[in-house]
Amino acid sequence: MKFFRIDLLTLLISLFILGSCKNQNDIGLPVGDQQINGTLMVYDDIVVKTDTDNVPTQAPGAGSTKVALSDLNDNILGVTESGIAAALNLPGGSAYTVPTGTVTTDSVVMELRYADGFYGDSLNSKYRVNVYPLKEKIGQNAYYVNRAWSYDSLATLNNAIGAVNIRPKTRVRMFNIIKGAPDTLRNVAAHLRIRLNSNTIPNLLFNNATAIASTTAFQNAFNGIYLRMKRDQANQIGGTAMFNLDSSRVNVYYRVVNNGVTDTSVVTLPVISNVPYIKPRYNTYPTAVKSALTSTASDQTFYLQGLAGLRAKISFPNLKSMFGSADVSSIAINRAELVVTPKPGTYLPPFVPQPQLTMYRLDIAKQRQQLPDANGTSSSALDPRFFSTSVFGGYFLPVQKEYHFVITGYLQDLLRGRVTDYGTYIGTIDTTSRATQVAISSTIQTAGRVVAVGTDKSSPYRLKLNVIYTKNN
């Protein structure tokens, strides 16, 4: 009780402060005898349109750090399917010498190394991954990722095995084959093991001297492999698994008998190049998504999709009129924040929200450019209005269940006519490796999606722009 005078004083000060706030939209500080106020305005006269993302080209091996195998049945966006064409190389990248003695193949196993970024159902869905021989060689030119590959669908290279779970975080126990010594059991990084038929590749290695004379000869004799992943049951959700083909390989385990001595060993054929294939999805999109793509009106719901699927084009018509009759040259934007809200009920597991989205603009040549608020790196900013990727935003805020983009500089440039809006877009981004620069390229290295509220004026979750500005009298 001895502190009651301090408590009373605090209460009186609070009442004076609250009583002096006549305009809750005014934000400012007193300077001498004048008050510099910042006014908060919520601008929702935004046009948003769902659009297809650019289908990127992929040079062989360029996407090896993360390539998708997919069979995902999305309850909102329909079915996504993807495969991988890959070429193998001889051990060491040079001619292979057959071991001396009698060689017998024990098994052939393909190891597919997981990469971060699984999207879908890893608990209740099971998958079958098949390996087929390619009917065509992978060249050196870049390919569009919607380019289909010719493979022998009737000559699968892997044995018929049961369906498996995709568990990118579960380590694998396997034997380490040691030449001239006992094999040892070890615990290795998570990967998917596919047992292949023990004749096609071993016959090339051990029974075809011409094929192993050089890497070129081997690739002429064996075009490569094509990988497909299918849901075990049609009623399962399925998913999209990311694999690192750069560290994937085919292991041929064999026994060699030489002068009555038997030893076990393994020969490894690395994957040297790969090209992903993403099956075009327009025909599998539900009616609501097709209508959003073909409509000429602004979307009340818009869609963002990974694997170079869907993006959203936004524009700010009548931007100058939001300030009434004021001369736009007298308006200074203190902060502009675009708020994107996923539609409630669309991000229930396993369709979790993307951790981060990206935002960019097009120049007059229709090339992607960073917004001024995102144009820089941690070491040297190219635009003085860039602070950091975290300030620019685009991250999913789990409490608010929103994405926020700070686009103060871009909005000021649009308002003053310093830039022309040739197209402003929101899209998906690969977030498994945090970059110091905002990524804007079309990517096939993320598989998630976001279904967001657009221009539905009756919805509290509508797309909106929060603007704090000051007016120079």
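Measuring from label point to label point, each 7 Å out along Cα→Cβ, what is the residue 188 to residue 287 span in nm?
Here the answer is 5.1 nm between the modelled labels.
Run the numbers on the chain and let me know its relative contact order in percent, using alpha-carbon pairs under 8 Å that are six or more apart.
That works out to 24 percent.
Quick check: at a probe of 1.4 Å, how many percent of the accessible area of region 378-427 sits on carbon and sulfur atoms?
57 percent
With +1 on each Lys and Arg Cβ and -1 on each Asp and Glu Cβ, how big is the dipole of region 391-442 about its Cα centre, in debye rounded to the nearest 20?
For this selection, approximately 100 debye.
Determine the distance separating the Cα centre of region 344-369 from the Cα centre of region 438-456; give it in Å without decimals.
Spelled out, the Cα-based centre of one part sits 2 Å from the other.
Any idea what the relative contact order of region 101-241 is, in percent, if you count C-alpha pairs under 8 Å spaced at least 6 apart?
For region 101-241, the relative contact order is 42 percent.
Compute the label zone of residue 369 within region 385-422: residues whose backbone N is under 13 Å from the point 7 Å along Cα-to-Cβ.
410, 413-414, 417-422
At 7 Å along Cα-to-Cβ for each site, give me the label-to-label distance between residue 126 and residue 146 in nm.
The answer from the label model is 3.5 nm.
Starting from the Cα-Cα distance between residue 104 and residue 41, subtract it from 0.36 nm times their residue separation and give me the gain in nm to one decimal.
So the chain would gain 15.0 nm between residue 104 and residue 41.
With r as the distance between the Cβ atoms of residue 154 and residue 55 and R0 = 22 Å, compute the FRET efficiency 1/(1 + (r/R0)^6) and round to 0.05.
The formula returns an efficiency of 0.15 here.
Run the numbers for residue 388 and residue 471: contour at 0.36 nm per residue of separation, minus the present Cα-Cα distance, in nm.
Contour length minus the Cα-Cα distance gives 27.2 nm.
Which Cα, out of 443, 470, 410, lies furthest along the positive dipole direction of the chain (beta carbon charges, K/R +1, D/E -1)?
443
For region 230-280, what is the Kirkwood hydrodynamic radius in Å, using each pair of distinct C-alpha atoms?
Taking every pair of different Cα atoms in region 230-280, averaging 1/r and inverting gives 15.2 Å.
Hey, what does the equivalent ellipsoid look like for region 216-365, semi-axes from the Cα gyration tensor as sqrt of 5 times each eigenvalue, largest first, whole Å?
53, 21, 16
Given H placed 1.01 Å from N in the peptide plane, which residues other than close sequence neighbours of residue 146 have an amide H under 5 Å from its amide H?
Here 278 satisfy the definition.
Using DSSP loop states and a limit of at most 15 other Cβ atoms within 10 Å to flag chymotrypsin sites (Phe, Trp or Tyr not before Pro), what is the longest stretch of the chain containing no flagged site?
Excluding the exposed sites themselves, the longest stretch runs over 4-386.
Assuming R0 = 45 Å, can you tell me the calculated FRET efficiency for the pair residue 327 and residue 230, based on Cβ-Cβ distance, to the nearest 0.05?
Approximately 0.10, to the nearest 0.05.
Between their Cα atoms, which of 401/464; 279/343; 137/169; 320/457; 137/366 are more than 23 Å away from each other?
The pairs that break the limit, which is 23 Å between Cα atoms, are 279/343; 137/169; 137/366.
I'd like to verify something in the chain: which complete DSSP H helices, judged by Cα projection on the helix axis, reach 27 Å or more and average at least -1.0 on the Kyte-Doolittle scale?
The qualifying helices: there are none.
So how far apart, in nm, are the two label points at residue 203 and residue 334 if each is 7 Å from Cα heading toward Cβ?
7.7 nm
Could you give the dipole magnitude of the chain about its Cα centre, charging the beta-carbon of Lys and Arg +1 and that of Asp and Glu -1, in debye to the nearest 20?
So the dipole magnitude of the chain works out to roughly 580 debye.
Rounded to the nearest whole Å², what accessible area per residue is found for the chain with the 1.4 Å probe?
Solvent-accessible surface per residue comes out at 49 Å².
Taking just the alpha carbons, could you work out the radius of gyration and Dmax for the chain, both in angstroms?
Final numbers for Rg and Dmax: 29.1, 103 Å.
Quick one: ranking 322, 41, 359 by accessible area, 1.4 Å probe, largest first, what do you get?
41, 322, 359
Could you work out how far the C-alpha centroid of region 66-118 sits from that of region 295-324, in angstrom?
Between the Cα centres of region 66-118 and region 295-324 lies a distance of 40 Å.
The values are calculated or read from the model by the stated rules, or taken from the named source; none is laboratory data. Computed from a predicted model, the values in this text were never measured in an experiment. Counting neighbours? That spans all protein chains shown, and the Cβs are built from the backbone with ideal geometry, glycine included. Accessible surface areas use protein heavy atoms only, side chains included; no ligands, DNA or RNA. Shrake-Rupley method; radii C 1.70, N 1.55, O 1.52, S 1.80 Å.
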